[in-house]
Structure formats: C-alpha cells, structure tokens
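Peer 1: Below are the structure tokens for one structure; questions will follow.
The values are calculated or read from the model by the stated rules, or taken from the named source; none is laboratory data. Predicted model only: the values in this text are computed from it and were never measured. Cβ placement follows ideal geometry from the backbone for every residue including glycine, while neighbour counts extend to all protein chains displayed.
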Amino acid sequence: MNTSYVVTGIFIYIVISLVVAWISRQGKATSMSGYFLGDRSMGGIISALSYSATTYSAFMMIGLAGLTYRGGVGALGFEIVYFAGVSLVAIFGPRFWRAGKKYGYVTPSEMLGHRYGSRSVAIAAGITSLVFLIPYSAVQLSGVGYLLSGMTDGSISFMTGIIIATALAIVFSYIAGIRSVMWTDSLQALVMIVASVMVAVLVVQGLGGFTAMFGTIAETTPEMLQVPGPGLFSFKTFLGLTVPWFFFSISNPQVSQRLFMPANLVALRRMLLIFLCFGLIYTIVSVIWGFAAFVAFPTLEQPDLATATLLASDYVPPVLGVTVMVGILAAAVSTIDSILLTLSSVFARDVYGNLGGSQDDRHQLMIGKFVIPVISILALIFAAAEFSMIAVLSVAASAGLVVVVPAIVGAFFWRGGTAMGALASIVGGAVFVIWMYLTGNSLFGLNAGVLGLPMSSLLFVVISLVTKPTAASVTDGFVDETPDPKGILHPKLGALK
Amino acid sequence: MLRKIALLLIGVVIIACYALPYLFIGQIAAWTGSFLFWCLAGVAIVLLNAAAMAGFTEDDR
C-alpha cells in the first residue's frame, strides 16, 4: 500500500484523538481517584466502549486473525471461552464496585491488601501486575510494528511503528488521565467496529461469498474447519490458552480496575452488555479475516501478517484499509495507555505508598505521573526485541496474572482466607509460572497456563487453613455484608471456615 | 431465581464450548460445525448475561 496514504491516515487520527482527549478534560484532576478512576462517575456507554477498546487490542485484530490463519477454527473457540469468562463481571463486578465505593480503593491490589489486612499482599499483587503487564504492553507495541511495516512493505519500519504507539500512549495518558483515555478509546471503538465489519464483508464478497469461501477451505484444507485442526489446537494447548484468558476480566488490573469506575450498577450492567455485543462482533470478524487471508494468501510465512496483507490487498479499497489500519494502531494505543495508567496507579499506591513512601494522595498522583514514561520505555525495549508469535507471549502474561485470582475469589467468598495464604498464592504462583517458562513450559505434559491457577489455588487454601487472618483484615463489605439479594454462592462458601 | 438459572446456564455453555467440539462435532469440515457452534455459544453468553444482571438497579437495592 502507498506509504503516503498510511502517513496521512495516522496524521488525521492523531489530530482527531488529541482534540477529543483535550475536550474530555473536566477541570483539573488533582486526586488519585479523579485522575485514575474519573471520580467513579463514568457512564455506561463510554465505559463499555472504552472497556472494549482496552480489551480488544492489536492482539485481537492481528493475533487472533494470525491464530486462525495458523490453527483454524480452534482460534474462534479459544476467543469464545475468553468471551464467556467475561461473565465473571456479572458475579464480581457488583462486589468490586461496592467495596471500591465503600473504602475508596483506586487499584485492585490496594483492595486485596486492605481485605487481608496486609501491605505485603498489596505490594505482591502490585509487583505481579508490573512484572507481567509490561511484556503484555510490549506485545501491543509489536502489533503496531508488524502492522505498519507489513502494510507499507517496510517503508515504515517496525521500530518507527512501536515508537509512534509509545509516544501516543504517553500523550493520551497525560492529557486528562483516565478521562482522555476513555474518550479516545470510545472514538476508536466506534470507528473500528464499523470499518472492520465492512472489511470482512468486502473481502468475503471478493472471495465469492461466505459459503464459497468456506467451501474452498473445506475442499483444499478441511482440517482448518475441524477440531483439533491442523495441529495447533490440541486439547492441552487449547486448555493452556483458554484457562488464563477465561479469568482475564478479574485477573488483569487494567480491566478489573474499570469495575470501580461506573457511576452505579445500571451503568456497570450497561458496560458489560454493550461490551459483550462489541466483543462478539470483533471476535467473529477477526476469525473471518484469518480465514479470508488463508484463502486469498495461503503461503504467508508469518501468520501475524495475515491482517496486514489482507488490508493492503486489492480486496479492500485503500481508504477503508487505511481506516482499519489506523483503527488497529489506535486499538493498540488504547490498550497500552490503559495499562500505563493502571500500572502507574499500582506503583504509586501499592508499591511506593506501602514501602515507606508518602501516603498523601497528591504526592502519590505526582509519583504515578512520573512513572508513566518509565513504564512506557520498558515496554518499548521489550517490543524492540521482536518476539515472533504475538498470541503466545500475550498468553504468557495472562498465565502470570491469573495467580491473583484465588486471592480475589477468596476476598469475596471465603472469610477463612488469610494474608499469608494470599501472599503465598501470589508470590508462589508467580514464581512457579516464571519457573515454568524458563524451563520449557512443560510439567507432566501440561503448561503454565493450565497449572498456574491450580498451583496458586492450592497454596492459597492450604496456607490459609494453617494460618490465622491478621487483626487488620476486613470482611465487612466483602464476605459478610456483600449484598447478594439473589444469594448466589455467597452464603455457603462464606461459611466454609 | 432468574440470576441463578442464568449463571448456571453460563456454566453449561462454557463446558459445552470444550466438550462439544473436542468430543462430538469437531470432525465436521464445514462452517456448520464448530464454527457455527462457537458463534451460537457467544450469542447465548450475551443473552444469559443480560438475564443474570436484569435485577441491577441504580440505588443498589
């Protein structure tokens, strides 16, 4: 594709996004909850669009299409299981929201630290987020690098692509904190959903229609439509990919922190339902892109280039191709800037604040803002190392973050969960996952994605049973008084100990 | 009650997302096999979540 089209598209995107980010400012956010949570007063629609943009990133449009190109229909199953996992918001969303409102939490790790009455738990959860989310941000940056270099035949280099994405993420985070991030996210999500559906329709039409396209695949490579398919999605691999992603909505702080933000539970409900509708469309469109690229360009050496190749092809009019390309760039940026804000709030509140730093809200905000570019540069360095398969690295991050899940579930459903149990499960689980990845990621034939959660759950339960809750632990607003009018799970599990 | 049933059915759909393609319909080499099933499972998840959260109100009662 003509490089000047791409450069023009990026320029227009930057100008419009800056205007939107600037307009989104509402006074000057001088508190942690103002800057990082939008004063807990975000409406359902903006929350939903932003939640979609934060979750569905470069991974979705590039990684999932690439995964489909390489492994066939199993990629759809993987993403649908993740998608079903977002239902955890229906269970945990109101609990996070109520606890956040009651105690004024800014980060999920702060919530865990308070619930278990232990600064160490907050610090451990915070550091786990930092360790695993920085590589995840790097994955998004790599996505932009692949996309821009793929679409311009290398005229825009991989490195230039990741530098552009990093710079934009820093700027959007700085203009108005979460407000500018959420409004630019929403703009991106709306443009993207329309443009990506149009691309899918045009490409499928170009390949003779939906039935013809799938007919071609069934004739030439039927295993692409079968499970386990051409080899990638054995049941063990499928399990290893899906288990960590199933818990994404509560294990990843950049999305679970969003549960503190809606103005009320109706806004939370609206956020989840609109997000699910968006997510389902994104998922199916990305998989169709992958199949279409497979039919049109069956000999690509690098599956992650499936999307870029498709967008630069004759099947897609240049203006639409550039629109979607800019949309994907914006998707990566919208994921990174949310992660930047979350990690900087986690660092300021949970690490710095608990390790002897100032407890003053304004001072922590200043530290948080200072950390934003530092984290960005770290992600940039990771991305510059050019990892090969975007999806696999992304899942490594999820396998690491999933170790906080037992402590989160225990916080709301088991009054017997203790600080030592939570600490052991987070630290022990994270060390276990890292050890797995360093030693070939296979134990009894299973990978860290499958084993990380059972290992951290076991640690949480066993250590909790042999230790006592600290005097500072809090159950009010969590286990006992979490209003649960329909009585789901809570009373029975709450009485386990 | 609606919330309870909806959450239980979400669990059933999730188990089916593993079991059906890997045990029963995985060998169908057409879009009407696993592709269609997982798409429909996605639609079911949206509808069941709508049902599970139908009781949420602004005043948190």
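Peer 1: From (1) touching a Pro at 6+ places or on another chain (Cβ under 7 Å); (2) surrounded by fewer than 19 Cβ atoms within 10 Å (Cβ to Cβ), pick out the condition that doesn't hold for residue A:268.
Peer 2: Exception for residue A:268: condition (2).
Peer 1: Could I ask something else about it? Among the residues in region A:255-263, are any at pLDDT below 95, within 11 Å of chain B (Cβ to nearest Cβ), surrounded by 24 or more Cβ atoms within 10 Å (Cβ to Cβ) and on the phi < 0 side of the Ramachandran plot?
Peer 2: Taking every residue of region A:255-263 in turn, at least one turns out to be at pLDDT below 95, within 11 Å of chain B (Cβ to nearest Cβ), surrounded by 24 or more Cβ atoms within 10 Å (Cβ to Cβ) and on the phi < 0 side of the Ramachandran plot.
Peer 1: Could you list, in sequence order, the residues of region A:203-216 that are of a type in the set (A, V, I, L, M) and within 12 Å of chain B (Cβ to nearest Cβ)?
Peer 2: Answer for region A:203-216, where residues must be of a type in the set (A, V, I, L, M) and within 12 Å of chain B (Cβ to nearest Cβ): A:204, A:212, A:213.
Peer 1: State the number of residues belonging to region B:26-55 that are more than 8 Å from every other protein chain (Cβ to nearest Cβ), more than 10 Å from the chain's Cα centre (by Cα) and in a helix (DSSP H, G or I). Break it down into steps so the answer makes sense when it comes.
Peer 2: Of the residues in region B:26-55, the ones more than 8 Å from every other protein chain (Cβ to nearest Cβ) are B:32, B:36-37, B:40, B:44, B:47, B:51, B:54.
With the extra rule that they be more than 10 Å from the chain's Cα centre (by Cα), the set shrinks to B:32, B:36-37, B:51, B:54.
Now restrict to residues that are in a helix (DSSP H, G or I): B:36-37, B:51.
Residues in region B:26-55 being more than 8 Å from every other protein chain (Cβ to nearest Cβ), more than 10 Å from the chain's Cα centre (by Cα) and in a helix (DSSP H, G or I): 3 in total.
Peer 1: Then there is this: Could you tell me whether residue A:362 is surrounded by fewer than 17 Cβ atoms within 10 Å (Cβ to Cβ), among the basic types (Lys, Arg), in a helix (DSSP H, G or I) and at pLDDT 85 or above?
Peer 2: Considered against the rule, which asks whether it is surrounded by fewer than 17 Cβ atoms within 10 Å (Cβ to Cβ), among the basic types (Lys, Arg), in a helix (DSSP H, G or I) and at pLDDT 85 or above, residue A:362 comes out as yes.
Peer 1: Can residue A:51 be described as of a type in the set (Phe, Trp, Tyr) and touching a Lys or Arg at 6+ places or on another chain (Cβ under 8 Å)?
Peer 2: Here the answer is yes, as residue A:51 does meet what is asked.
Peer 1: Keeping to region A:119-178, report how many residues are out of contact with any helix residue (DSSP H, G or I) (no Cβ under 9 Å at 6 or more places or on another chain) and crowded, with 24+ Cβ neighbours inside 10 Å.
Peer 2: So the count comes out to 0.
Peer 1: I would also like to ask the following. Scan region B:5-25 for residues that are among the aliphatic types (A, V, I, L, M), under 20 Å from residue A:247 (Cα atoms) and more than 7 Å from chain A (Cβ to nearest Cβ) and report the count.
Peer 2: 7
Peer 1: Taking the condition of being surrounded by fewer than 21 Cβ atoms within 10 Å (Cβ to Cβ) and assigned to a loop (DSSP other than H, G, I, E, B), how many residues in region A:229-246 meet it?
Peer 2: Residues in region A:229-246 being surrounded by fewer than 21 Cβ atoms within 10 Å (Cβ to Cβ) and assigned to a loop (DSSP other than H, G, I, E, B): 4 in total.
Peer 1: With the requirement that a residue be polar (S, T, N, Q) and either buried (at least 17 other Cβ atoms within 10 Å of the Cβ) or at the interface with chain B (Cβ under 9 Å from one of its Cβ atoms) (or both), what does region A:217-228 give you?
Peer 2: A:221, A:226
Peer 1: Residue A:315 - would you say it is under 19 Å from residue A:208 (Cα atoms) and among the hydroxyl-bearing types (Ser, Thr, Tyr)?
Peer 2: yes
Peer 1: For region A:409-450, name all the residues that are of a type in the set (Ser, Thr, Tyr), crowded, with 22+ Cβ neighbours inside 10 Å and over 23 Å from the mean Cα position of the chain (by Cα).
Peer 2: Matches in region A:409-450: A:418 only.
Peer 1: For region A:130-144, state whether one or more residues are part of a helix (DSSP H, G or I) and over 24 Å from residue A:328 (Cα atoms).
Peer 2: yes
Peer 1: Is it the case, given these coordinates, that residue A:229 is small (Gly, Ala, Ser) and farther than 13 Å from residue B:29 by Cα?
Peer 2: no
Peer 1: Applying the selection to region A:459-473, what residues are in contact with a Ser or Thr (Cβ under 8 Å, 6 or more places away or on another chain) and of a type outside the set (D, E, K, R)?
Peer 2: A:459, A:460, A:463, A:464, A:467, A:469, A:470, A:472, A:473
Peer 1: Another question, if that's okay. Filter region A:178-212 down to the residues that are more than 23 Å from residue A:333 (Cβ to Cβ), among the hydrophobic types (A, V, I, L, M, F, W, C) and in contact (Cβ under 8 Å) with a residue 60 or more places away in the chain and list them by number.
Peer 2: Listed by number, the residues that qualify are A:202, A:203, A:204, A:207.
Peer 1: Using beta carbons and a limit of 8 Å, which pairs, at least six apart or on different chains, have the first residue in region A:244-267 and β-branched (Val, Ile, Thr) and the second one not in a helix (DSSP H, G or I)?
Peer 2: A:266/B:56; A:266/B:57; A:266/B:58
Peer 1: Which numbered condition in (1) crowded, with 24+ Cβ neighbours inside 10 Å; (2) within 14 Å of another protein chain (Cβ to nearest Cβ) is the only one that residue A:306 fails?
Peer 2: (2)
Peer 1: Which of the following residues is surrounded by fewer than 24 Cβ atoms within 10 Å (Cβ to Cβ) and either at pLDDT below 90 or not charged (D, E, K, R) (or both): A:343, A:401, A:393?
Peer 2: Of A:343, A:401, A:393, the one residue that is surrounded by fewer than 24 Cβ atoms within 10 Å (Cβ to Cβ) and either at pLDDT below 90 or not charged (D, E, K, R) (or both) is A:393.
Peer 1: Anything in region A:231-250 that is under 15 Å from residue A:85 (Cα atoms) and more than 11 Å from every other protein chain (Cβ to nearest Cβ)? List them, or say none.
Peer 2: The answer is A:240, A:241, A:244, A:245, A:247, A:248, A:249, A:250.
Peer 1: Going through region A:65-124 one residue at a time, which ones are within 13 Å of another protein chain (Cβ to nearest Cβ), part of a loop (DSSP other than H, G, I, E, B) and over 17 Å from residue A:257 (Cβ atoms)?
Peer 2: Scanning region A:65-124 gives A:72, A:73, A:87.
Peer 1: Contact list please: Cβ distance under 6 Å, first residue in region A:113-136 and of a type in the set (A, V, I, L, M), second residue surrounded by fewer than 22 Cβ atoms within 10 Å (Cβ to Cβ) and not in a helix (DSSP H, G or I), pairs at least six apart or on different chains.
Peer 2: Hits for this filter: A:122/A:354; A:123/A:354.
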